[in-house]
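Visitor: If you scroll down you'll find the structure; I have some questions about it.
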Amino acid sequence: MSFWDKLRGEFVDVIEWTDDSQDTMVWRFERHGNEIKYGAQLTVRESQVAAFVNEGQIADVFWPGRYVLETQNVPILSTLQGWRHGFESPFKAEIYFVNTRRFTDLKWGTKNPVTLRDPEFGPVRLRAFGTYVIRVMDAGTFIREIAGTDGHFTTDEVTDQLRNLIVSRFSTAIGASGIPVLDLAASYDQLSDFVTRKIAPEFAVYGLELTKLLVENVSLPPAVEQALDKRTSMGVLGDLNRYTQYQTAEAIGTAAANPGGPAGDAMGMGLGMAMAQQMAQAGQAAQQPASPWGQQAQQPAAAPPPPGPPPLPQQSPYYVAINGRQAGPYPVDQLQQLAASGQLTRDSLVWTQGMANWTKAGEVAALSALFGGMPPPLPPAP
């Protein structure tokens, strides 16, 4: 600094810090040669603390309020300095203002996917991201462990380390939780609270307090997300056969509205055949239970029934000569009735398809059973 800066510093006895940034955590009060006048006034505003550092050692920490830097107000510093000049000469010390407000909307996220075993999908890779909130809880510890002698320390200088802590503990938490991937969205709050409690002691080592951690999203690889989208679409459509029928009917209507070209005619014929085929398949598939994927489950073909006896042969009807006239044709059961009434005897002439001539009924093997209980005709008298 120039001579005028030094001279101006001799008359300035107000020490304060007004912060117009959103990311400054520690700011060092600049004075020529770090000389602070005896009796200077220190103003510490809300959301601030001021730390006096003498020869690399923190001498005292002042909380919000207004202080006069005199012996009775700085007992520790007076002991260190000795005040060998009547307690009225300037003393040398560094003053660091530490911002104790909450720093919000700090980002975290996994650089590489986290691999875990899902009970439904098997091994999967997940990515996650969210936000967290911190504030300085112990100014002395924070200066010693993190800020050091940095005169303007911002959140960007510490967030990388904090992000690594969060990602590491989050990966452990989600891997040990056993929560299925499809249920993670309903467990964001539980994961957030668990990771917050897990990491809070590690932040405290740096003099920081982790007040809130939020899990905003846990995502799958793009290929897996596309497969899930297809599965969801199938579930929304429901019966794919009925949906196909509807689409086919819509296409036929569109083709019918443009009958002028051969393409429309061919499309109409093709879609009509496809619709008929789909309707036939839908009738068969309706008897089968639906699978979890929204399609009809394929059932094994039923075994053929065991072979039974062949069908009884159908006997041809017969024509009968009754009183010199052709009657009929009569089926065999009706011929039995005629035989019982005497209208049909062994000597009655009969004919059916396949016979060359009229033949006596008694000589036809197929009709011999009709006369089994009937006596033969009486022989002629001598």
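Results for (1) β-branched (V, I, T); (2) surrounded by 16 or more Cβ atoms within 10 Å (Cβ to Cβ); (3) modelled with pLDDT of 80 or more; (4) part of a loop (DSSP other than H, G, I, E, B), shown as yes or no for each residue.
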site	(1), (2), (3), (4)
L312	no, no, no, yes
S316	no, no, no, yes
R346	no, yes, yes, yes
G354	no, no, no, yes
G362	no, yes, no, no
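Visitor: To continue, here is another question. Of all residues in segment 158-183, count the ones that are in contact (Cβ under 8 Å) with a residue 40 or more places away in the chain and either among the aliphatic types (A, V, I, L, M) or touching a helix residue (DSSP H, G or I) at 6+ places or on another chain (Cβ under 8 Å) (or both).
Guide: Of the residues in that region, 8 qualify.
Visitor: Quick one: is A176 touching a Phe, Trp or Tyr at 6+ places or on another chain (Cβ under 7 Å) and either surrounded by 15 or more Cβ atoms within 10 Å (Cβ to Cβ) or in a helix (DSSP H, G or I) (or both)?
Guide: So A176 fails the test.
Visitor: Let me ask another. Here is a check on your reading of the model: is Y188 more than 19 Å from R117 (Cβ to Cβ), in contact (Cβ under 8 Å) with a residue 40 or more places away in the chain and not in a strand (DSSP E or B)?
Guide: no
Visitor: Are there any pairs with C-beta distances below 8 angstrom linking a residue in segment 16-39 that is loosely packed, with under 14 Cβ neighbours inside 10 Å to a residue that is at pLDDT 90 or above and basic (K, R), with the two at least 6 apart or on different chains, and if so which?
Guide: Here the result reads T18/R45, each pair linking segment 16-39 to a residue that is at pLDDT 90 or above and basic (K, R).
Visitor: Do we find that D60 is of a type in the set (D, E), at pLDDT below 90, part of a strand (DSSP E or B) and within 16 Å of A139 (Cβ to Cβ) in this structure? I'd like the intermediate steps shown before the answer.
Guide: Details: of a type in the set (D, E): yes; at pLDDT below 90: yes; part of a strand (DSSP E or B): yes; within 16 Å of A139 (Cβ to Cβ): yes.
Criteria met by D60.
Visitor: Separate question: Could you check, for segment 110-126, whether at least one of its residues is buried (at least 20 other Cβ atoms within 10 Å of the Cβ) and assigned to a strand (DSSP E or B)?
Guide: Yes, some residue in segment 110-126 is buried (at least 20 other Cβ atoms within 10 Å of the Cβ) and assigned to a strand (DSSP E or B).
Visitor: Return the residue satisfying two criteria in turn: it lies in segment 127-153 and is over 30 Å from Q57 (Cβ atoms) and either buried (at least 18 other Cβ atoms within 10 Å of the Cβ) or without any contact (Cβ under 8 Å) to a residue 12 or more places away in the chain (or both), and of such residues it is farthest from the chain's Cα centre (by Cα).
Guide: Looking at the filtered set, the residue picked out is Y132.
The values are calculated or read from the model by the stated rules, or taken from the named source; none is laboratory data. The structure displayed is predicted, hence computed values, not measured ones. Ideal geometry is used to build each Cβ from the backbone, glycine not excepted, and the neighbour counts take in all protein chains shown.
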